[in-house]
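The values are calculated or read from the model by the stated rules, or taken from the named source; none is laboratory data. As the structure is a computational prediction, the values presented were derived from the model and not from experiment. Cβ placement follows ideal geometry from the backbone for every residue including glycine, while neighbour counts extend to all protein chains displayed. The accessibility values were calculated without ligands, DNA or RNA, using every heavy atom of the protein model including side chains. Shrake-Rupley method; radii C 1.70, N 1.55, O 1.52, S 1.80 Å.
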Amino acid sequence: MIDPVEVAARLEQMQATLGGRAAEITVVAVTKAFEFDAIAAAETAGIDVVGESYAQECIAKLEGRTIGPAVHFIGRLQRNKVRRLAALVDVWQSVDRPELVDEIAKRAPGASVMIQVDISNEPQKGGCPPADLSRLLDRARESGLVVAGLMGIGPIGEPELARPGFARLRRLVDDHGLESCSMGMSADLSVAVEEGTTMVRVGTTLFGPRPPRG
Ligand SMILES: *Cc1c(COP(=O)(O)O)cnc(C)c1O
């Protein structure tokens, strides 16, 4: 069981480490691999956004439910999962290719999306190459989607390794006049804050170690 009181305490502790900009930074509580009680605990702790990564799991947890927090989909996404997710997802953070833009525009017209950019040269994590970003942004806007910002995932390893990619993502957000810059997870949170994140995605910091996926 996830204890909401503990989650609230961890959130407060985490916000202290965000420093002076804490009030401007959106916290996405990453509830992937946890049971529904993590979502309930996040809501009780006053968190407005939860993040889910696995389509099947997200559907199983959320279909038929109404929850308080907004749902951001942050994981690798197959086009054939979009239709069933459309009723559950408020913001699609991992949009990284034209086929996904087209499918989301079809199944969730006018939806809010973020373009995921590959900032650490780890293609297995998804993300469009920075060189393709402008074209993908145009396509998303032309198809009626609302582009809220960009998302990036730091590389595995020392948190410092994430800095150049985070700096690059922040510049891209500014160059394209976007609002949100989604970067920073439990391990590289401080680096993301220093590089100007507006949205952090944290799981283990709030909920403890993730259970193995069954
Ligand atoms: C799992 C995940 C997170 C959260 O990771 P933690 O290390 O638990 O904070 C953030 N972003 C993405 C894309 C993830 O898949």
**Study point:** Residue satisfying all of: in the range 102-134; out of contact with any strand residue (DSSP E or B) (no Cβ under 9 Å at 6 or more places or on another chain) and among the hydroxyl-bearing types (Ser, Thr, Tyr); modelled with the lowest pLDDT among these
**Key:** 120
Point to revise | Failed item in (1) in a loop (DSSP other than H, G, I, E, B); (2) at pLDDT below 95, with residue 144 passing the rest | key: (2)
Review point. Looking at the range 194-209, which of its residues are more than 10 Å from the ligand (Cβ to nearest atom) and either part of a loop (DSSP other than H, G, I, E, B) or surrounded by 21 or more Cβ atoms within 10 Å (Cβ to Cβ) (or both)?
Key: 195, 196, 197, 198, 199
Study note, to complete from the structure: Of (1) open to solvent by less than 30 Å² (accessible area, probe 1.4 Å); (2) part of a loop (DSSP other than H, G, I, E, B), residue 101 fails just (2)
Exercise for review: Can you confirm whether the range 150-164 contains a residue that is within 30 Å of residue 106 (Cα to Cα), within 12 Å of the ligand (Cβ to nearest atom) and small (Gly, Ala, Ser)?
Suggested key: yes
Exercise for review: Check residue 31 against each of (1) among the hydroxyl-bearing types (Ser, Thr, Tyr); (2) at pLDDT 95 or above; (3) closer than 26 Å to residue 195 by Cβ; (4) open to solvent by 40 Å² or more (accessible area, probe 1.4 Å) and name the one condition it does not meet.
Suggested key: (4)
Practice item. For the range 170-184, name all the residues that are in a loop (DSSP other than H, G, I, E, B), over 16 Å from residue 130 (Cβ atoms) and open to solvent by less than 60 Å² (accessible area, probe 1.4 Å). Key: 184
Revision key, fill the gap. Over the range 1-30, the set of residues in a helix (DSSP H, G or I), under 19 Å from residue 190 (Cβ atoms) and among the aliphatic types (A, V, I, L, M) is 11, 14, 16, 18, 22, 23
Practice item. Filter the range 104-125 for residues that are crowded, with 20+ Cβ neighbours inside 10 Å, of a type outside the set (A, V, I, L, M, F, W, C) and out of contact with any helix residue (DSSP H, G or I) (no Cβ under 6 Å at 6 or more places or on another chain) and give the result. Key: 116, 118
